[in-house]
Each structure stands twice: as structure tokens, then as C-alpha cells.
1. Inside the range 20-43, can you point out the residues that are in contact with a Cys (Cβ under 9 Å, 6 or more places away or on another chain) and at pLDDT below 60?
2. Quick check: anything in the range 44-51 assigned to a loop (DSSP other than H, G, I, E, B), surrounded by 15 or more Cβ atoms within 10 Å (Cβ to Cβ), modelled with pLDDT of 85 or more and under 11 Å from the mean Cα position of the chain (by Cα)?
Amino acid sequence: MFTARDFHLNEDEYEAIQKWAGNHNCKCRVGDRPSRSCCGGEISVVFTPTSIGTAISAVCVCGEKLELDNL
Ligand SMILES: [Zn+2]
């Protein structure tokens with residue numbers, strides 16, 4: 001199981017996601033629908049609790065994904 005504490009970002013993780021959100025090769029589209037504000041608030045962060053810790057990834061609306069190497 002997981003606890004509420006598994007769902008947080010430390011400062012390094014937060015910075016890595018911020019940096020990636022602004023720097024990745026964003027396609028600015030979702031399928032054939034143009035994104036409204038690509039890379040300006042279209043980021044989702046996914047927490048996946050595992051037996052060795054919580055894996056964290058971030059997904060942009062353009063489909064790009066960042067896997068944080070935090071385990
Ligand atoms: Zn993007």
C-alpha cells in the first residue's frame with residue numbers, strides 16, 4: 001500500500017520537472033488537435049508507489065514523458 005507521504009516532490013524532483021517542461025522537444029499538438037498552451041501548464045505528474053519507493057514521471061500534453069530517476 002501507499003501513504004499520503006508517497007505523493008510529493010522534493011526540490012530536486014520539482015526542478016527536474018520544471019526544467020524538462022520548458023526544454024523538451026514539444027510538438028505542441030495532441031493528435032490533430034492543437035494544444036492551447038503547450039508547455040505552459042499542460043504537465044501531469046504521475047506517482048507510482050512500488051516496494052522500493054515511489055516512481056515519479058511527468059507527462060506533457062504533447063505526449064512527451066519524463067521518467068525521474070529517483071529510485
Ligand atoms: Zn510538450
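1. If the condition is that a residue be in contact with a Cys (Cβ under 9 Å, 6 or more places away or on another chain) and at pLDDT below 60, then R29, V30, P34, S35, C38, C39 are the ones that fit.
2. Here is the first cut: in the range 44-51, the ones assigned to a loop (DSSP other than H, G, I, E, B) are 51.
This time we only want the ones that are surrounded by 15 or more Cβ atoms within 10 Å (Cβ to Cβ), so: none.
For the range 44-51, residues assigned to a loop (DSSP other than H, G, I, E, B), surrounded by 15 or more Cβ atoms within 10 Å (Cβ to Cβ), modelled with pLDDT of 85 or more and under 11 Å from the mean Cα position of the chain (by Cα): absent.
The values are calculated or read from the model by the stated rules, or taken from the named source; none is laboratory data. Remember, it's a predicted structure, so these values are computed and weren't measured experimentally. Every residue, glycine as well, gets a Cβ built from its backbone with ideal geometry; the counts of neighbours run over all protein chains shown.
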